[in-house]
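The values are calculated or read from the model by the stated rules, or taken from the named source; none is laboratory data. Owing to the predicted nature of the structure, the values given are computational and were not obtained by experimental measurement. We place every Cβ from the backbone using ideal geometry, glycine too, and count neighbours over all the protein chains shown. Keep in mind that these areas ignore ligands, DNA and RNA; they rest on the heavy atoms of the full protein, side chains included. Shrake-Rupley method; radii C 1.70, N 1.55, O 1.52, S 1.80 Å.
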Amino acid sequence: LFDDVQLKRWKIKEVALPAGCRIIGRQPSFFEKNKMILLIGGLIASVELAIITLLLINRAGRIRAQRKLQASESRYRNLFETSEDLFMIMDRQGRLLHVNPATCRLLGYTPDELVGKPQSCLLASNERMRVGAQFRLAVEGGRTVIESCCLAQDGEKMPVEFLFQPFDLDGKAAVVCSARNLSERIKIQRLTQEISERERHALGYDIHDGLGQYLTALRFQCHRLEQRLAGQQSVGADDLSKLTELTSELAFEI
């Protein structure tokens, strides 16, 4: 048996002792004295570290989500502000909550003149019932498209295509309405119709002045042959040659 205190006093290392020795009076180490406290403290620190890590991860995810939301809101705001189409956001009663600059510019109003007013003030009286029915469908959660006319401040009608769809505005149910100006499309359609009419008239003139003359000459020659045959007159090769020539020219013209 060896006393641990005396071994330390004489600076004798434990490895230098004979095999099978046993050391008595050894003082427990700091870890052995506070083993339970250290284990509990380490467990508490690990739990706190895990909680802090989860909070940091959650905060980082929240920051990323906020940045994405801000970027998305910025894109939609730019689209709302810079679009050439009319954009209006309305509550469930049809009152205008937001309008984009294109709506004010094309209809001749200022934002203060429109916000708070019903959308029906922008419609002709004969269109309010038809458009109102589509608006109510959007309030119920549907998505509807209808062609109608907007009424400008000076009384001029502007043909548009309305698109109504439900919208969540800060947790409240609303309806967003986009209206595309159809004036240019209608002008193009009318121009296309005019061009088609001109082409049909030109084709009619060509048929009348070109093919009509050949058919008249061919009918005249056939009538001459019919008269000669009826009068028992001989038909010459020149007459048949003339018919062949007219027929060939008619086929070429066609």
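Kindly evaluate Asp168 against the criterion of being open to solvent by 60 Å² or more (accessible area, probe 1.4 Å) and assigned to a helix (DSSP H, G or I). For Asp168, the condition - open to solvent by 60 Å² or more (accessible area, probe 1.4 Å) and assigned to a helix (DSSP H, G or I) - is not met.
Looking only at residues that are assigned to a helix (DSSP H, G or I) and exposed (fewer than 10 other Cβ atoms within 10 Å of the Cβ) in the stretch 1-30, which one is nearest to the chain's Cα centre (by Cα)? Ranking the qualifying residues of the stretch 1-30, first place goes to Phe30.
Sub-9 Å Cβ pairs linking a first residue in the stretch 212-227 that is over 11 Å from Leu243 (Cβ atoms) to a second residue that is hydroxyl-bearing (Ser, Thr, Tyr) and open to solvent by 40 Å² or more (accessible area, probe 1.4 Å), at least 6 apart or interchain, are Tyr214/Thr247, ordered by first then second residue.
Restricting attention to the stretch 31-47, which residues are more than 30 Å from Val5 (Cα to Cα) and open to solvent by less than 100 Å² (accessible area, probe 1.4 Å)? Can you show your working first?
Step one: filter the stretch 31-47 for residues more than 30 Å from Val5 (Cα to Cα), giving 40-47.
Listed by number, the residues that qualify are Ile40, Gly41, Gly42, Ile44, Ala45, Ser46, Val47.
Checked against (1) of a type in the set (Val, Ile, Thr); (2) touching a strand residue (DSSP E or B) at 6+ places or on another chain (Cβ under 7 Å); (3) loosely packed, with under 14 Cβ neighbours inside 10 Å, Val131 meets all criteria but (3).
All conditions in (1) in contact with a Phe, Trp or Tyr (Cβ under 8 Å, 6 or more places away or on another chain); (2) open to solvent by 100 Å² or more (accessible area, probe 1.4 Å) hold for Glu156, with the sole exception of (1). Taking (1) assigned to a strand (DSSP E or B); (2) on the phi > 0 side of the Ramachandran plot in turn, Phe87 satisfies each apart from (2).
Taking the stretch 188-211, which residues are hydroxyl-bearing (Ser, Thr, Tyr) and at pLDDT below 80? If the condition is that a residue be hydroxyl-bearing (Ser, Thr, Tyr) and at pLDDT below 80, then Tyr205 is the only one that fits.
Scanning the stretch 89-128 for residues that are loosely packed, with under 15 Cβ neighbours inside 10 Å and among the small types (Gly, Ala, Ser) yields a count of 4.
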